[in-house]
Amino acid sequence: MNINTGFRRWSALAVIGGMFMTGGAQAQSGTPECIAPAKPGGGYDLTCRLAAQGLQETGLIDQQMMVRYMPGGIGAVAYNHVIGVRPDDANLIVAASTGAAVNLALGKFGEYGVDDVRWLGALGADYGAIVVGADAPWQNLDELMQDLKSEPGEIVFGSGGTIGSQDWMKAALTAKAAGIKPKSLRYVAFEGGGAALAALLGDHIDVFTGDLAELKPRLADGDVRVLAALSEERVGGPFADIPTAKEQGYDVQWPIWRGYYVGPEVSDADYQAWVDKLKKLADSPKFAELRAARGLFPMARFGDSFDDYVKEQVGEFKALADEVGLTQ
Amino acid sequence: MNIAADRILGIVLLGLAAFVAAQAMQLHVPFSYDPLGPKAFPLGLSVLLAVFSLVLLFRPGTNGDWPRGVLVLKLLGVLLTLLVYALVFTSLGYLPATALVVLVLSRLFGAPWAKAAISGVLVALGSYLLFTQAMGILLPASDWLTALT
Amino acid sequence: MWDFLAQGFAVALTPLNLGLAFLGALIGTLFGALPGIGPINGIAILMPLAYTMGLPAESSLILLAAIYTGSEYGGRMSSILLNVPGDAGAVFTTLDGNPLAKQGLAGPALGLSAVSSFIGATLAILGITLFAPLLARVAVMFGPAEFFALMVFAFASMSAMMGKDPLKTAIGAVLGVLVATIGVDSGTGVLRFTFGIPELYDGIDFIVLIIGLFAISEILLMLEHSHTSDDGGAMAPLGRVMVRLKEVLFCKWAILRSGLIGFVIGVLPGTGASVAGAVAYTTEKRLSDQKGTFGKGDMRGLSAPESANNAAAVGAFVPMLTLGIPGSGTTAVMLGALMLYNITPGPTMFTEHTAVAGGLIASLYLGNLMLLLLNLPLAGLFARVLTIPRWLLVPAIAILAFVGVFQLHSNLYAIFLMLIVGVMGYLLRKLGFSLAPIILGYVLGGLMEQNLRRALAISGGDSGILWQSGISIGLWIAAAMLIVLPWLLPWLWRKRNAASCSLSK
């Protein structure tokens, strides 16, 4: 089931002539492909396009990388497709993110687990952020945490995802850091971070646990205050003034990595070839521009180190899910 | 016979309402931040649906014109064609599958064989060029043919 | 405050977008002219393709908006010439349009409807320009509780105004809401009605749903029509091509009144062009049909619904852009198009996506002008579309549906689902259901449930939050009036008539 590609160079005549002889449409067997396990336009689409455009513009691949959409099952459809149908396809990579790791931890990908694919590497990351309105009473994270400790039911949290989603995890971890059970939070799930941000601006919620990149336009307007970035250390650029949660004494970190995996039966040589390509890509200055244009911060973890990272992360999420009673 | 269609619909919808309610009852939630949870809405809908279906059962409207005879066969033919199109869309590849389907559909809609065959080839080719060349859309390839040669 | 319009014109006047607006107007007119392929079908079929062509969001939206308004123009052709409404919005166009055509005035009728459409749409675009940014400011105040009240209001206005069969409208809406509950519950993350099928986890995709409901069921219905009647044949001759100024002036009040009615109805969420046409026609008949000429080829009876349904088509953009609530089935589809681009319309639309919002509005001005220029002289040419045989049309629809769905899903499952939905759509239409309530139920129902639950999560379970703000109270009262008035008015009417009768005795 290949998808044809470089057809534009064929003339119309060749197509007509070739139609019944060769079946016309056909793919060169080496066409690299990236599956975005979602509808067009979301974060996975962005992840695939980052790799496609980067690899193409830096000349690391000679053919254009195809981006294919395979929505369904919050990524489970693509996961099952790769393992079940194309486990040894060396030309196929699939976009993944922290959200996929959360879903794997919660067992939402069906029979398959984190060990059933080979994790390639991550090309960029965004970080969680704890955001309040510009007129909110809290000037820093500690003030919020103190209030949260004394009256957890009075502060309304909101973000762009359901219970158990990566957006919710940020609120849950924040609560945990304040010594509050995630269950006893007051939390509202919106359809996407944009809607949650709008609710914060309209004073319908008190605290928004979102991502840094999407806040950029709001920071300039000054309608929100970011109490903490959930990164290991401060990120630069327009966010340089935002302290991390860690430096304020609460060790909450939430990187949202954007990376890729390949099928379980891809050979070591092919796996290594992809790892090398991604490594080279991450080092090129051109790629840094592309990544920044998509609002992502640098993150470079490849090969076995990334594979270990994802597995460890899934383990942590599992423990957290058990703790708050999400798994049955 | 004259008022059967709405009655059948009423019974089907009543069944659907019961099914929805039964399924909703089985939903298990670890915890929920809102007092309603995921069950309330489907349950409410199933009650509404049941009430409406009962109204429909007791006060059915007029029966529409239902297809019969050859037309039923033709309708099934169109559906079958579309189903086959879906099945061979990726395995056969876009061009042959489309040419075939256009041929069959044209025939079902009353085109003579010659016209149907010509339009099959032309529509398949024309749409193929339009999609791939002008719009840059990916279409399934015909790998099996290359395998043959 | 109208910076967005200047920026919008800058966007809309680029050669690419100007060309797209023209192309969209042309395609839209053609789509609208094809019997059965109304605006929803046209946009549903072309939307995935527009996205994959790699057009930027504003260009894509401009193209779709032009197709939308163009198809409202085109819808009148089969109504007037063949007495077959292209879509629900054009039903009332047939009432006086076809008699006119039969009197040999098909050309002037087409011209008059083009002018009426233009004026109606222009009124509505002016309305958008004035009110959309204001509404956007109010919209920030809309929290979950207000949205819930708005949804209640939307369903109430649907119940008050829609359809000849209220029971089936209600059932259709409930079915639509039920479909929306399939998939991950966005409050708790629980899977509902997915039966262990991963493809259903994300719910039934909107594109699959509408292409199935409209395009596939249309193919089956067309087969019936082609079986029971022969197509072509019945087309009326065009006659004189241009409409006279005198004729337009004769209808001026009908056009202006209906344009206003259409705009207001279009702005209300949950109602659309079909309702606008109905209300405008009946209003105009009540006001100006002294000689009983309506329904027999009265020009005012043609221009009223034409002006209204185009105004409503434009008005429906207001709630879509400012609140993210579609005012009609078609704008519900356009909303889906915006989602493809990761743009969630809402209060911040005019500040964060100024180019998209402004460009869209500016392109409505331009597209509308293009449509008038395109439609007046070329009416005869467009009318030829009606003569495309079904055996060529149907395969084309099938191909567009398949390629569109496959493109977005790369998955045969989605195509099967589309076919199943198509068969359901066919059966429902045969049973006398209209599809718009199902689509609106799907779109509005999901919002209704989630916002109710969000509101209660915010208040910690206290239902008082639902009627706390002035906005919600206003919406609740408006919703109650919509439900009560249709019962109350006839009663009052009868009472007054009875009184005057007894007086005259």
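Taken together, the values in this text are just the output of simple stated rules run on the coordinates, not laboratory data. Note that the structure is predicted; figures quoted are calculated from it, not measured. Neighbour counts run over all protein chains shown; Cβ positions are idealised from the backbone, glycine included.
The charge dipole of chain B, taken about its Cα centre with unit charges on the Cβ of Lys, Arg, Asp and Glu (plus for the first two, minus for the last two), comes to roughly 380 debye.
Relative to the dominant Cα principal axis of chain B, helix B:4-25 is inclined by about 70°.
Compared with the dominant Cα axis of chain A, that is its longest principal axis, helix A:303-324 is turned about 40°.
Between amide H atoms placed 1.01 Å from N, distances below 5 Å from A:Leu106 occur with no residue 5 or more places distant or on a separate chain. Peptides C:313-322, A:242-251, A:283-292 ranked from most to least packed, by the mean per-residue count of other Cβ atoms within 10 Å: C:313-322, A:242-251, A:283-292.
Mind checking which aspartates and glutamates have their C-alpha under 12 Å from A:Lys181, skipping anything on the same chain fewer than 8 residues away? Answer for A:Lys181, where 12 Å is the Cα cut-off: A:Glu323, listed by chain and number. Farthest towards the positive end of the charge dipole of the protein assembly as shown, among the residues C:Leu23, C:Val140, B:Phe31, is the Cα of C:Leu23, using unit charges on the Cβ of Lys, Arg, Asp and Glu.
In this simple spin-label approximation, C:Ser463 and B:Leu73 carry label points 7 Å from Cα along the Cα→Cβ vector, and these lie 5.9 nm apart. Counting every other Cβ atom within 10 Å of each residue's Cβ, C:Ile477, A:Ile61, C:Ile261 order from fewest to most as C:Ile477, A:Ile61, C:Ile261.
Among A:294-306, B:61-73, the peptide with the highest mean count of other Cβ atoms within 10 Å heads the list, and the full ranking is A:294-306, B:61-73.
Normalised by the residues of the range A:127-255, what does the relative contact order come to in percent, with Cα pairs under 8 Å and at least six apart?
After rounding, I find 37 percent.
Taking other Cβ atoms within 10 Å as a rough exposure proxy, A:Val85, A:Val132 sort from fewest to most as A:Val85, A:Val132. Positive-end ranking of A:Ser165, A:Asn91, A:Leu219 along the dipole of chain A, with charges on Cβ about the Cα centre, is headed by A:Asn91.
Placing one equal scatterer on every Cα of the protein assembly as shown and applying the Debye formula, the log10 ratio I(q)/I(0) at q = 0.06, 0.07, 0.09, 0.10 Å⁻¹ is -0.44, -0.61, -1.03, -1.28.
Charge tally for A:Phe208 (other residues, Cβ to Cβ under 12 Å; Lys, Arg +1; Asp, Glu -1): -3. Using the Cβ-Cβ distance between C:Leu13 and C:Thr387 with R0 set to 45 Å, the FRET efficiency from 1/(1 + (r/R0)^6) comes to roughly 0.80. Could you tell me how many degrees, from 0 to 90 and to the nearest 10, lie between the Cα long axis of helix B:40-58 and the main elongation axis, the longest principal axis, of the Cα atoms of chain B? Roughly 90 degrees, rounded to the nearest 10.
Ranking A:His204, A:Ala229, A:Tyr261 by how far each Cα lies toward the positive end of the dipole of the range A:198-300 (charges on Cβ) leaves A:Tyr261 at the top. In terms of packing, defined here as the mean over residues of other Cβ atoms within 10 angstrom, the peptides C:182-189, C:219-226 line up highest first as C:182-189, C:219-226. Neighbouring Cβ atoms from other chains, within 10 Å of the Cβ of residues in A:178-190, number 4 on average. Per-residue shielding of B:102-112, expressed as the average number of other chain Cβ atoms within 10 Å of the residue Cβ, stands at 6.
What does the extension gain come out to for B:Arg59 and B:Ile8, with contour length at 0.36 nm per residue minus their alpha carbon separation? So the chain would gain 17.1 nm between B:Arg59 and B:Ile8. Using a simple spin-label model with pseudo-atoms 7 Å out from Cα toward Cβ, C:Asp289 and C:Leu130 lie 3.0 nm apart. Counting Cβ atoms of other protein chains within 10 Å of each Cβ in C:300-309 and taking the mean gives 0. Cross-link partners of B:Lys115 among lysines, defined as those whose alpha carbon lies under 23 angstrom from its own and excluding same-chain residues fewer than eight positions apart: B:Lys74. The label-point distance for A:Asn140 and A:Glu316, in a model that sets each label 7 Å from Cα toward Cβ, rounds to 2.4 nm. Relative contact order for the range C:3-489: 30 percent, from Cα pairs under 8 Å spaced at least 6 residues apart, divided by residue count. Simple point charges give the picture: +1 on the Cβ of Lys and Arg, -1 on the Cβ of Asp and Glu, and for the protein assembly as shown a dipole about the Cα centre of about 4240 debye. Residues C:Thr94, B:Thr98, arranged from fewest to most other Cβ atoms within 10 angstrom of their Cβ, appear as C:Thr94, B:Thr98.
Backbone amide hydrogens, once placed in the peptide plane, bring C:Val190 within less than 5 Å of C:Asp185, excluding anything fewer than 5 places away on its chain. Partners of A:Lys183 within straight-line reach, counting lysines whose Cα lies under 30 Å from its Cα and excluding those fewer than 8 residues away in the same chain: A:Lys108, A:Lys149, A:Lys170, A:Lys246, A:Lys311, A:Lys318, B:Lys39.
The alpha carbon convex hull volume per residue for chain A rounds to 144 Å³. So if I take the alpha carbon set of the range A:139-241, get Rg, then get Rh from the Kirkwood formula, what is the Rg over Rh ratio? A ratio of 0.94. Calculated on the Cα set of chain B, radius of gyration then Dmax: 24.1, 66 Å. Residues whose amide H falls under 5 Å from that of A:Val67, counting only those 5 or more places apart or on a different chain, are A:Cys34, with hydrogens built in the peptide plane.
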